[in-house]
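A short worksheet on the structure shown next.
The values are calculated or read from the model by the stated rules, or taken from the named source; none is laboratory data. Computed from a predicted model, the values in this text were never measured in an experiment. Please note: Cβ atoms are built from the backbone with ideal geometry, for glycine as well, and neighbour counts cover all protein chains shown. Note: areas computed on protein heavy atoms with side chains; ligands, DNA, RNA excluded. Shrake-Rupley method; radii C 1.70, N 1.55, O 1.52, S 1.80 Å.
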Protein chains: 2
Amino acid sequence: MFGQIMVSKTFINLAEDKKKAVLQSAVREFARLGYQKASLNTIVRDASISKGSLYQYFQNKEALFHYIFEQFVFLVKRSVQGGGDVSSLHFFSKVRQVFWAGIHFVDYYPEYFQMYLKVLFEADVPGRENLLARVHLFSSEYFGPLCDEAREKGEIRDDIPAETVIFMIDALISSLLQGYALSYLDSGLELKRMDKKDISSQVDKVLLVLEKGLVKT
Amino acid sequence: MFGQIMVSKTFINLAEDKKKAVLQSAVREFARLGYQKASLNTIVRDASISKGSLYQYFQNKEALFHYIFEQFVFLVKRSVQGGGDVSSLHFFSKVRQVFWAGIHFVDYYPEYFQMYLKVLFEADVPGRENLLARVHLFSSEYFGPLCDEAREKGEIRDDIPAETVIFMIDALISSLLQGYALSYLDSGLELKRMDKKDISSQVDKVLLVLEKGLVKT
DNA sequence: GAGTAACATGACCGGGTGGTCATGTTTGGT
DNA sequence: ACCAAACATGACCACCCGGTCATGTTACTC
């Protein structure tokens with residue numbers, strides 16, 4: 001939709017290697033410093049191109065950034081939805097799948113994820129509300145039907161609104177991924193140091209509480 | 001402890017009005033733009049002082065920022081601990097108290113809270129890990145004993161480690177406050193538009209799930 | 001009221017920024 | 001072989017930054 005506006009055909013037609021180098025340098029810089037502080041000078045130096053070329057590919061800093069964020073959204077969707085057929089699973093198993101999709105995303109695209117976190121808390125990113133809305137829209141479009149279905153099947157209680165359930169799942173996944181991606185955000189779990197098996201049992205514990213509650217039965 | 005180093009006695013002896021003006025301008029600017037992008041020029045303009053004066057009060061930008069963050073930590077502690085005697089309450093009532101202390105904190109000190117959020121996701125804040133560690137230390141020092149006690153009393157199940165419980169409470173409180181403070185972080189609850197009564201019932205629902213789980217009993 | 005110490009001021013500095021553009025180089029069609 | 005169009009280059013621009021410092025102003029002591 002924005003494709004034609006934010007990136008020139010010169011860039012589209014570029015050799016694949018060069019394209020990757022430019023995108024990778026840009027993602028890395030945006031992940032490191034956020035939108036405003038990211039330096040185009042650094043990006044062009046890292047990507048071994050000239051500044052003039054960058055401005056031939058993208059109209060300006062904003063267009064470059066939006067192009068990369070679009071890539072991020074695409075990768076997120078593919079990660080969550082590409083996890084194989086899920087329709088036969090129990091509600092909590094589906095939620096577990098999403099937890100794991102998140103963990104894998106951070107593993108495969110750590111810089112994209114960190115860039116996203118930067119956008120979350122940087123005030124003057126152009127078009128930021130739209131960018132974040134797109135991510136959140138995906139989240140509620142995905143979990144909303146899941147909740148409704150689970151409620152119909154009687155898998156979860158019906159005196160808690162779907163929005164509240166989504167909120168809690170969102171909060172727990174976000175915090176878990178943030179702790180996993182950035183150790184200093186970890187609130188005591190030390191996820192960064194765990195191997196996959198320990199992380200798995202952590203996720204299981206969180207889901208157990210979500211399912212059965214903190215009070216022993 | 002750092003008091004003598006990071007702020008001059010000239011500033012301490014300043015007229016209360018002027019002191020407040022300087023601090024307020026600085027907090028506002030750091031909240032708006034984060035550490036790196038915050039402009040000392042803007043701060044001195046807002047506070048109606050000269051740049052030279054600012055440098056007579058604080059050694060540099062970093063010292064000013066650390067002084068303000070220290071204020072933040074002090075205000076947080078006072079907000080959570082100053083909520084009256086709590087020792088006789090049930091575990092979940094205590095947790096509810098902390099939720100409310102957070103809501104009130106955001107109401108009273110929105111700029112301090114936003115500044116804190118900025119620090120969370122800004123990479124090159126000097127001494128950032130220390131700053132965040134101090135906040136998190138307080139959180140686990142507060143909730144740790146609470147969990148242990150609740151487990152002894154049999155108020156919560158004993159097959160979930162305290163760290164996991166703290167992680168979940170932390171995640172839910174953080175997300176709730178972030179959604180409350182910054183509407184674009186809201187994941188569908190629209191907390192920003194609620195009155196206190198609706199927020200209260202939202203908190204209750206989250207705590208109900210935490211207590212009894214999502215599966216109907 | 002003179003003298004001095006504390007405090008206030010803003011022009012100025014080196015450096016980095018996003019963005020521009022005249023110039024040079026490569027490419028491909030004929 | 002030639003030429004035009006597409007692409008690459010980096011010096012350059014205006015602007016803003018954090019930080020400095022010579023100079024001015026205020027306040028207090030005797």
- Taking A:Tyr142, B:Tyr108 and ranking on accessible area (1.4 Å, protein atoms only), highest first, one gets B:Tyr108, A:Tyr142
- Message: With +1 assigned to the C-beta of every Lys and Arg and -1 to the C-beta of every Asp and Glu, and no other charges, what is the dipole magnitude of the stretch A:66-212 about the Cα centre in debye, to the nearest 20?
- Response: 340
- Give me the accessible area of A:Thr10, 1.4 Å probe, in Å² rounded to the nearest 10. 60
- Task: Taking the Cβ of B:Phe72 as the centre, find all other residues whose Cβ is under 12 Å away and add up their charges (Lys, Arg: +1; Asp, Glu: -1).
- Result: +2
- Task: Within 10 Å of each Cβ in peptide B:186-196, how many partner chain Cβ atoms are there on average? Round it to a whole number, please.
- Result: 3
- Message: Taking the full set of protein chains and a 1.4 angstrom probe, give the accessible area of B:Ile12 in square angstrom, rounded to the nearest 10.
- Response: 80
- Exposure rank, largest accessible area first [A:Met194, B:Met168; 1.4 Å]: A:Met194, B:Met168
- Going by alpha carbons, how many degrees (0 to 90, nearest 10) lie between the helix axis of A:196-212 and the longest principal axis of chain A? 50
- Tilt relative to chain B, helix B:128-152 - C-alpha long axis, 0 to 90 degrees, to 10: 20
- Message: Angle check, please: helix B:16-37 long axis (alpha carbons) against the longest principal axis of chain B (alpha carbons), in degrees 0 to 90, nearest 10.
- Response: 70
- Over the stretch A:66-212, give the accessible area per residue in Å² for a 1.4 Å probe, as an integer. 43
- Net charge near B:Asp159, counting Lys/Arg +1 and Asp/Glu -1 over other residues with Cβ under 12 Å of its Cβ? +3
- Query: Hey, if we sort A:Val135, A:Val206 by accessible area with the 1.4 Å probe, largest down, what's the order?
  - Reply: A:Val135, A:Val206
- Query: What percent does the relative contact order of chain A come to when contacts are Cα pairs within less than 8 Å and at least six residues apart?
  - Reply: 20
- What is the interface area between chains B and A, defined as buried accessible area summed over both chains with a 1.4 Å probe, reported in Å² to the nearest 100? 5000
- Query: Which entries in the list A:Lys37/B:Lys18; A:Lys61/B:Lys51; A:Lys19/A:Lys197; A:Lys94/B:Lys192; B:Lys20/B:Lys51; A:Lys18/B:Lys37 go over 26 Å, if you measure between the two C-alpha atoms of each?
  - Reply: A:Lys37/B:Lys18; A:Lys61/B:Lys51; A:Lys19/A:Lys197; A:Lys94/B:Lys192; A:Lys18/B:Lys37
- Task: Putting +1 on Lys and Arg Cβ atoms and -1 on Asp and Glu Cβ atoms, find which of A:Gly213, A:Phe91, A:Phe121 reaches farthest to the positive end of the dipole of chain A.
- Result: A:Phe121
- Item | Solvent accessible area, Å² - B:Ser50, 1.4 Å probe, full protein context | 60
- In debye to the nearest 20, how big a dipole does the protein assembly as shown give about its Cα centre with +1 on each Lys and Arg Cβ and -1 on each Asp and Glu Cβ? 1160
- Query: Relative contact order (percent) for the stretch A:28-150, with alpha-carbon contacts under 8 angstrom and 6 or more residues of separation?
  - Reply: 38
